[in-house]
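The values are calculated or read from the model by the stated rules, or taken from the named source; none is laboratory data. Note that the structure is a prediction, hence the values are computed from the model and not measured. We place every Cβ from the backbone using ideal geometry, glycine too, and count neighbours over all the protein chains shown. When the accessible area is computed, the model is the full protein with side chains, heavy atoms only, and any ligands, DNA or RNA have been set aside. Shrake-Rupley method; radii C 1.70, N 1.55, O 1.52, S 1.80 Å.
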Amino acid sequence: MEQTFNFPYKPYDVQLDLMNELYRTLDTKKVGIFESPTGTGKSLSIISSSFKWLRDQNYPRPSKNYRKKKHAISQYFPKIVYTSRTHLQLDQFISEIKKTIWGQGEDKIRAVRVGSRKQFCINPELEEFKNSYEIDHKCKEMIGEAYYDDTDEDTDKEEGELNEKMQLEEAKKDPEEEKMMVEAEIEYKEEENEELENKNIKNKKPKQREIHCSYFSGAKRICEHIINEIRDIEDLLIAGRREHGCPYYGSRLAIEEAEVIIAPYLSILNKRIRNRSKINLQNSILIIDEAHNLIESTIDAYSASLTNSQIKQCKKTLSEYYYHYWSGWSSEKASRVNYILQFIRKLDGFISWAMKDPTKKGLSIPVNDFIKKYSFGRGRYDEILKFIEKDDLARKVMGFGNLSSHDKTYFYYFIEFLECFINDPTDSCIIYDRCEGADPKIKYLLLNPIIPFRSILKAVRCIILIGGTIEPQEEFIDLFEDIPRSEMAFFSCGHVIPPENLLVSIVPKGKSGRPFKFVFEKRDDLIMMTDLCELITDVSQVVPNGIVVFLPSFSFLGKLQNYINSDCAKKIQKYKKIFYDKRNENILDQYSSCAQGEGAILFAVARGKLSEGINFSDELGRCIIMVGLPYLNCFDIEVKERINFLDSKNTGFNGRVFYETNCHKTINQSIGRAIRHANDYAVILLVDERHTFYKRPVWMRMNCINESVNGISEILGRVKGFFDFKTPENNFEESYTYEISSE
């Protein structure tokens, strides 16, 4: 049945189709995989459909009366949990809510924006701390864990017990190891029973340290302001300062009463972080936006690395701390700190052994083999982590080390690495990576995202994956291997722009007639690089405002920059000001200002910070040039392990398909930066003979120049005609002299 949605504008047909299909999926399915091009009003469609569905269920709306029933809250009503990759995308989603009836009036939805202390802290005393680890620990020190601690709740218990059973079964193969496991289990149960007995006898909270943050005391007060208004990060910070209340703890309180939770990927995908944030997915509707990032983000959420220098520093400082204080500790504390120290020493032994062979650039060991070979034992890593947290060990060790400011994070990275060991070690490996010019590192790498994703899938009522580029779907379908196809919905829609607003062309060769083929071994080809520079110069003459050139890597960007500076920079600068992507510098504002004025060209890197989550709409991106194909480095140890693992599964989505898919998803994400709304228009040039149209989105393939049109002059003539038709009022020909030499 077709639904009537309170869309804030007259919706396009593709938006109506999306809203209706989403509503039906929430009503009848377990999984929905949706593809909706960026620029089609995707966020408004999600809001209008899912929020209507939520209210149509006629569940009692949450209120502060539910606080007393917080553990049973999900029994009364489902929540919508919306997640995306970046904080900018989350705040954009909130701004879209404000445009709808759900952001104002009687029907206003109760929504809360979740973030980290680093984003939300307004205490001036913490302004000097820039690292999130330092801010977290300083905050806990100031409040004394008086109200909200960050320990895991019961949602971890079931999974933890399952992991213990798996470990015990594995240990039975070794009698000595089995004995250690049984003794550890007895000791743990005794500690658990003692804690329970103490709680029953005393029936009161343990002694708490004095609170030294005045903003924390106002958390409950600001909670009411958070839940009664739709607020992005900036709104929360303003409200926090005005009400003198902590936005971080206020938002965590508000989660309990919220109908909609808006959170970054890591807060949802990582079970440990999710539990710390008090986000319960039970019976919820989970909407994962920008879902093309889901696989990589899940892997990242359960992986961590340590450099050689960090390991060495951990060993040195913890050894000194241990031998200085151990005589005054209880036997339990001394034993646990010693366990951590031995763990670090074994990591140091492994990386030192690997570094002895200078020809060894990388190696990999399955986690189970690594644990056995280096005698890490089957320790209760979760209990060790709880001890580190409760004892505030990181802060004490770092303070004892008396380190310079740039060394204040190494122990936090060790904790992050240690946290990986509490997870199921199946389909995970430890890799050693020694890149030229970089500090050697070891990394705990999750290979199979299905394992941690199962707990999410089991908890939620329905999960929606949505993004502008979801093809090929096989990569995502693997996540739902236990879900029947009848419980899954698939949807893809076209774009809202008219066909005449987009022109796409492959540029297979340059003026010299030599094919463009930017494989690694040919990137120093002088003729090909000269042809590329001339193409960019010619395009700069006929395209108004902003041009964005995406390149496969920073190393290629450096090569091209040298060619441009030595040969054609002056020619390009007649028409456009030149900007180059930089790893640690934001040049977007400068580029945007010039693109909207006299014109600019930006050289950026695919997979870089400018290739995703940035809108190059209107004047900022009248032309997108994709140079080459941005394949992953096949010699990288992580890429090798991912490919080998997928090949070992013997499924259709094998290592080669992953390698190809990753490349073409990256291309589609980069070139999709240009078209952002119905009236936008742009040209897309794919510069390499290996490019094909059929791996581009369907809506984009409808606007391609015929592949038989190969000549540079003909392609540039079409580009010129496209903009002459779009901007006749600009007197474009009078502003630019169009000079294309014969091929």
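See the values below:
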read-out	value
Residues (without any contact (Cβ under 8 Å) to a residue 60 or more places away in the chain and either within 16 Å of A394 (Cα to Cα) or assigned to a helix (DSSP H, G or I) (or both)) located in the range 324-333	Y325, W326, S327, G328, S331, E332, K333
Pair list, Cβ < 7 Å and 6+ apart or interchain, from the range 214-232 residues that are touching a residue at least 40 places away in the same chain (Cβ under 8 Å) to residues that are open to solvent by less than 30 Å² (accessible area, probe 1.4 Å) and of a type in the set (D, E)	I227/E257
Filtered residue count, the range 559-603, keeping only those that are in a loop (DSSP other than H, G, I, E, B) and of a type outside the set (F, W, Y)	12
Test: residue in the range 588-607 that is out of contact with any strand residue (DSSP E or B) (no Cβ under 9 Å at 6 or more places or on another chain) and at positive phi	yes
Condition met for K70 (in a helix (DSSP H, G or I), surrounded by fewer than 18 Cβ atoms within 10 Å (Cβ to Cβ) and either at pLDDT below 95 or touching a strand residue (DSSP E or B) at 6+ places or on another chain (Cβ under 7 Å) (or both))	yes
Residue in the range 723-741 that is small (G, A, S) and at pLDDT below 70 present	yes
Selection count where residues are open to solvent by 50 Å² or more (accessible area, probe 1.4 Å) and either of a type in the set (D, E) or over 24 Å from R274 (Cβ atoms) (or both), scope the range 102-136	9
Test for L266: is it assigned to a helix (DSSP H, G or I) and in contact with a Lys or Arg (Cβ under 8 Å, 6 or more places away or on another chain)	no
Members of the range 91-124 that are farther than 21 Å from W53 by Cα and in contact (Cβ under 8 Å) with a residue 40 or more places away in the chain	D91, Q92, V114, G115, S116, R117, Q119, F120, C121, I122, N123
Test set (1) out of contact with any Leu (no Cβ under 8 Å at 6 or more places or on another chain); (2) at pLDDT 95 or above; (3) of a type outside the set (G, A, S) - L620 fails condition number	(2)
Test for E257: is it touching a Cys at 6+ places or on another chain (Cβ under 9 Å), touching a residue at least 40 places away in the same chain (Cβ under 8 Å) and among the acidic types (D, E)	yes
Extreme residue, nearest to R276 (Cα to Cα), among residues of the range 82-101 that are more than 22 Å from the chain's Cα centre (by Cα) and among the basic types (K, R)	K98
Enumeration of residues in the range 460-487 that are touching a residue at least 60 places away in the same chain (Cβ under 8 Å), open to solvent by 20 Å² or more (accessible area, probe 1.4 Å) and not acidic (D, E)	R461, P472, Q473, I477, I483
Residues located in the range 653-687, provided they are open to solvent by 10 Å² or more (accessible area, probe 1.4 Å), out of contact with any Ser or Thr (no Cβ under 8 Å at 6 or more places or on another chain) and closer than 18 Å to G608 by Cβ	N662, H664
The range 334-372 - residue that is in a helix (DSSP H, G or I) and open to solvent by 60 Å² or more (accessible area, probe 1.4 Å) and, of those, nearest to R434 (Cα to Cα)	W353
Top-ranked residue in the range 207-254 [being open to solvent by 10 Å² or more (accessible area, probe 1.4 Å) and within 20 Å of F51 (Cα to Cα); ranked as modelled with the lowest pLDDT]	N228
Scan of the range 504-531 for residues that are under 32 Å from the mean Cα position of the chain (by Cα) and either under 26 Å from L16 (Cα atoms) or open to solvent by 80 Å² or more (accessible area, probe 1.4 Å) (or both), ordered by number	F520, E521
The one condition in (1) at pLDDT below 95; (2) surrounded by fewer than 21 Cβ atoms within 10 Å (Cβ to Cβ) that I643 fails to fulfil	(1)
Any pair with Cβ under 8 angstrom, 6 or more apart, that starts in the range 349-370 at a residue that is under 20 Å from K316 (Cβ atoms) and ends at one that is outside any strand (DSSP E or B) and of a type in the set (A, V, I, L, M)	I351/I311
Residue list for the range 449-458, restricted to those being open to solvent by less than 20 Å² (accessible area, probe 1.4 Å) and more than 25 Å from N20 (Cβ to Cβ)	P449, I450, P452, F453, I456
Test: residue in the range 434-442 that is more than 18 Å from the chain's Cα centre (by Cα) and either surrounded by 21 or more Cβ atoms within 10 Å (Cβ to Cβ) or aromatic (F, W, Y) (or both)	yes
Count of residues meeting criterion [over 24 Å from the mean Cα position of the chain (by Cα), more than 17 Å from I675 (Cβ to Cβ), open to solvent by 10 Å² or more (accessible area, probe 1.4 Å) and not polar (S, T, N, Q)] in the range 581-627	3
Selection within the range 290-311 - over 11 Å from the mean Cα position of the chain (by Cα) and over 22 Å from H137 (Cβ atoms)	Y302, S303, N308
Those residues of the range 515-558 which are of a type in the set (F, W, Y), in contact (Cβ under 8 Å) with a residue 40 or more places away in the chain and not in a loop (DSSP other than H, G, I, E, B), in sequence order	F550, F554, F556
Tabulated pairs, the range 606-617, first β-branched (V, I, T), second open to solvent by less than 20 Å² (accessible area, probe 1.4 Å), C-beta under 7 angstrom, 6+ apart or interchain	I614/R673
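Table: residues versus (1) among the small types (G, A, S); (2) at pLDDT below 80; (3) out of contact with any Phe, Trp or Tyr (no Cβ under 7 Å at 6 or more places or on another chain).
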position	(1), (2), (3)
F7	no, no, yes
V14	no, no, yes
M19	no, no, no
K30	no, no, yes
R55	no, no, yes
P62	no, yes, no
